[in-house]
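Report on the structure given below.
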Amino acid sequence: MIILDTSAVTAFATGHRKMHRLVSNAAASPFEHLLVPALCLMAAEVADEGAAGRILALPVVEIEPLDAAQATTVGTMIRDGYGSPETCHAIAACLPTPLRPTQQLILTDRQEDYPPGIVTVSINDPRLNG
């Protein structure tokens, strides 16, 4: 799974070529899914009206809910200075869980927002087809 943060969702919604290619490739793969943390979806919609609807229309996208356990984790991260609510939700979503035992990467246009140890890839990385 690849985590799309707020900047990646917004980039897709505004027509970013590499993001559209990534989504097309994921849709063609039986294994690739894109995960959007709910707070990233919310922040993208605040920044760009209609962004949430455009990303939700894609069958390859799953939303990571902000349930009680995630809310506690995200709240602790915010309090401890790891960033904004949506950044912290992206971090929490990428961490290993019993259902996803390996750390997932975060696709972002704001790599500097993430602490060391969190695997991020720029939406403008030349290795992404586009």
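Once Rh is set to the Kirkwood radius over Cα pairs, what Stokes-Einstein translational diffusion coefficient, in µm²/s, holds for the chain at a temperature of 37 °C and a viscosity of 0.692 mPa s?
225
Please identify, among V46, V61, V36, the residue showing maximal mean-square fluctuation in a Gaussian network model of the chain using a 10 angstrom Cα cutoff.
V46
If you place +1 on the Cβ of every Lys and Arg, -1 on the Cβ of every Asp and Glu, and leave all else neutral, what size is the dipole of segment 18-123 about its Cα centre, to the nearest 20 Debye?
260
Along the charge dipole of the chain, Cβ charges K/R +1 and D/E -1, which of M42, A71, S24 sits furthest on the positive end?
Result: S24.
Based on alpha-carbon positions alone, could you give the equivalent ellipsoid semi-axes of segment 68-108 from the gyration tensor, as √(5λ), descending, whole Å?
Over the Cα atoms of segment 68-108, the semi-axes work out to 17, 13, 7 Å.
For E32 paired with Q111, estimate the spin-label separation in nm (one decimal), with each label point 7 Å from Cα along the Cα-to-Cβ line.
1.9
E64's amide H: which non-local residues (gap 5+, or another chain) put their own amide H closer than 5 Å, with H modeled 1.01 Å from N in plane and none for Pro or chain starts?
The answer is V36, A38.
Report the local net charge at D113: Lys and Arg +1, Asp and Glu -1, summed over other residues whose C-beta lies under 10 Å from its C-beta.
With Lys, Arg at +1 and Asp, Glu at -1, the net is -3.
Residue by residue through segment 10-15, what is 3J(HN,Hα) from phi via Karplus (6.51 cos²θ - 1.76 cosθ + 1.60, θ = phi - 60°)? Round to whole Hz and write x for glycine and proline.
Karplus values, whole Hz, x for Gly and Pro: 5, 4, 4, 5, 9, x.
Taking springs between alpha-carbon atoms closer than 10 angstrom, which of T97, T87, T14 fluctuates most in the Gaussian network model of the chain?
Evaluated over the chain, the most mobile residue of the options is T97.
I need to check one value: relative contact order of the chain, counting alpha carbon pairs closer than 8 Å and at least 6 residues apart, in percent.
The normalised contact order for the chain reaches 32 percent.
Return the calculated 222 nm mean residue ellipticity for the chain, to the nearest 500 deg cm²/dmol, obtained by summing -39500 (n - 2.57) across DSSP H runs with n ≥ 4 and dividing by the residue count.
Per the formula, -13000 deg cm²/dmol.
Throughout, read-outs are computed from the coordinates displayed, never taken from laboratory work. Note that the structure is a prediction, hence the values are computed from the model and not measured. So basically every Cβ, Gly included, is an ideal-geometry build from the backbone, and we count neighbours across all protein chains shown.
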